[in-house]
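The values are calculated or read from the model by the stated rules, or taken from the named source; none is laboratory data. Keep in mind the model is a prediction, meaning the values are calculated, not measured. Using ideal geometry, Cβ is built from the backbone for each residue, glycine included, and neighbour counts are taken over all protein chains shown. Accessible surface is based on the protein model in full, side chains and every heavy atom, while ligands, DNA and RNA are left aside. Shrake-Rupley method; radii C 1.70, N 1.55, O 1.52, S 1.80 Å.
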Amino acid sequence: LEDRLASREVVHGVLMDVLGLGVLLIGESGIGKSECALDLIGRGHRLVADDTVEVRRRAETVIIGTAPAATRYVMEIRGLGLVNVRDLFGVASTRTSKRVEFVVELERWDTARNYDRLGLDEIHHELLTLRVPKVTMPVAPGRTVATLVEVAARNHLLRARGIHTARDFVTALDERLARLAGGLDDG
């Protein structure tokens with residue numbers, strides 16, 4: 001009953017299980033979400049939904065994503081058409097649902113924009129009135145987007161364990177600068 005009454009919405013994107021983390025890839029049509037997901041599947045990660053992700057809110061802080069029954073296990077790859085991931089890669093390459101825990105927004109690289117270079121800012125994406133951690137990933141020729149998404153997922157998992165590389169780096173740099181200003185640099 002709770003599941004049937006849960007708040008729901010449909011999101012244009014791809015939902016993946018990357019290292020046990022529910023990663024929702026969003027971005028404009030044709031940006032490369034499905035191709036990125038296909039590359040991630042080839043690396044052993046699992047597809048939940050391609051193109052249309054049904055999300056529902058469960059409890060106070062949980063969002064679950066699934067694929068509509070009609071498109072479950074199916075991906076649309078421009079130039080190839082429709083492919084059945086489960087048939088191509090085996091049953092272990094898919095799952096029917098996954099908690100949405102992290103959002104990666106793919107966007108076309110804009111040379112006029114200043115992209116985050118340290119990773120200090122915590123950005124969120126609102127989904128069913130809940131804030132989900134998000135990174136924005138600029139896409140350009142030559143960038144291996146699947147590798148970057150996998151690294152972003154790994155980094156998010158580290159942060160959840162209290163390991164925040166950017167924050168630790170800035171803290172150590174500030175401490176060193178303070179020592180230098182006080183004439184106490186130890187190299």
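Figures for the structure shown
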{"quantity": "Meets criteria (farther than 18 Å from Val23 by Cβ and modelled with pLDDT under 95) for Asn84", "calculated": "no"}
{"quantity": "Flag for Gly182 being open to solvent by less than 60 Å² (accessible area, probe 1.4 Å), farther than 21 Å from Asp51 by Cβ, touching a His at 6+ places or on another chain (Cβ under 9 Å) and at pLDDT below 95", "calculated": "no"}
{"quantity": "Within region 55-104, tally of residues that are among the polar types (S, T, N, Q), in contact with a helix residue (DSSP H, G or I) (Cβ under 7 Å, 6 or more places away or on another chain) and not in a strand (DSSP E or B)", "calculated": "1"}
{"quantity": "When residues of region 111-142 are limited to those that are aliphatic (A, V, I, L, M) and touching a strand residue (DSSP E or B) at 6+ places or on another chain (Cβ under 7 Å), the one surrounded by the fewest Cβ atoms within 10 Å (Cβ to Cβ)", "calculated": "Ile123"}
